[in-house]
Amino acid sequence: MHQDTPRVLSIQSHVVHGHAGNKSAVFPLQLLGFDVDPINSVQFSNHTGYPTFKGKVMNGQELWELIEGLQANDLLEYTHLLTGYIASVPFLETVVKVVKALRDKNPDLVYSKAPA
């Protein structure tokens, strides 16, 4: 892998109201010069710390379909992987597959897990 701009695949939550997950990570990383491709592991109305929240949770199969689409177009070229909120064991198992696929393309991949 040889490129000038560091590229991040960010698999994290997204909230409509507030700042968490991808909503709080993408812009600062872009300001630091990273090219960031976000995948929203969940899409919630607000942070789960509120009394009520609504939204959708992505499953492992849906995540893998996105990865396959990137692979099919030779777009799976990342220097960094950032993960955050993971809602289920099957989703986590798919994230492990993603790490393997990215490391197959780039053995020097930097992987960071955001605190939950």
### Query
Around Met58, what is the net charge, scoring Lys/Arg as +1 and Asp/Glu as -1 over all other residues with Cβ under 14 Å from its Cβ?
-2
### Summary
Here the alpha-carbon Rg of segment 11-80 over 2.2 N^0.38 Å rounds to 1.24
### Query
lysines within cross-link reach of Lys100: Cα-Cα under 25 Å, excluding same-chain residues under 8 positions apart?
Lys113
### Message
What is the angle, in °, between the Cα long axis of helix 22-31 and the longest principal axis of the Cα atoms in the chain? Nearest 10 is fine, range 0 to 90.
### Response
40
### Message
Which one, Thr52, Ser88, Gly21, is farthest towards the positive end of the dipole of segment 19-103 when Lys and Arg carry +1 and Asp and Glu -1 on their Cβ?
### Response
Thr52
### Query
Can you give the extra length, in nm with one decimal, that the chain gains between Tyr50 and Leu92 once fully stretched, where that is 0.36 nm per residue apart less the Cα-Cα distance?
12.7 nm
### Summary
If one compares the long axis through the Cα atoms of helix 60-72 with the longest principal axis of the Cα atoms of the chain, the angle in degrees, nearest 10, works out at 30
### Query
When the accessible area of the chain is computed with all protein chains present and a 1.4 Å probe, what percentage of it is carbon and sulfur?
57
### Message
Net charge within 11 Å of Gly84 by Cβ-Cβ distance, Lys/Arg positive one each and Asp/Glu negative one each, not counting Gly84 itself?
### Response
+2
### Task
Be a star and scan segment 30-68 for residues whose amide nitrogen sits under 17 Å from the point 7 Å along the Cα-to-Cβ vector of Val99.
60, 64
### Message
Can you compute the FRET efficiency between Tyr111 and Val16 using 1/(1 + (r/R0)^6), with r the Cβ-Cβ distance and R0 = 25 Å? Round to the nearest 0.05.
### Response
0.35
### Message
Test of the criteria: in segment 1-66, which trypsin sites (Lys or Arg not before Pro) are in a DSSP loop and have at most 15 other Cβ atoms within 10 angstrom of their Cβ?
### Response
Lys54
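The values are calculated or read from the model by the stated rules, or taken from the named source; none is laboratory data. Here the structure is a predicted model, which means the values were calculated and not measured. Every residue, glycine among them, receives a Cβ derived from its backbone with ideal geometry; neighbour counts consider all protein chains shown. Calculation scope for accessible area: heavy atoms of the full protein, side chains included, ligands and nucleic acids excluded. Shrake-Rupley method; radii C 1.70, N 1.55, O 1.52, S 1.80 Å.
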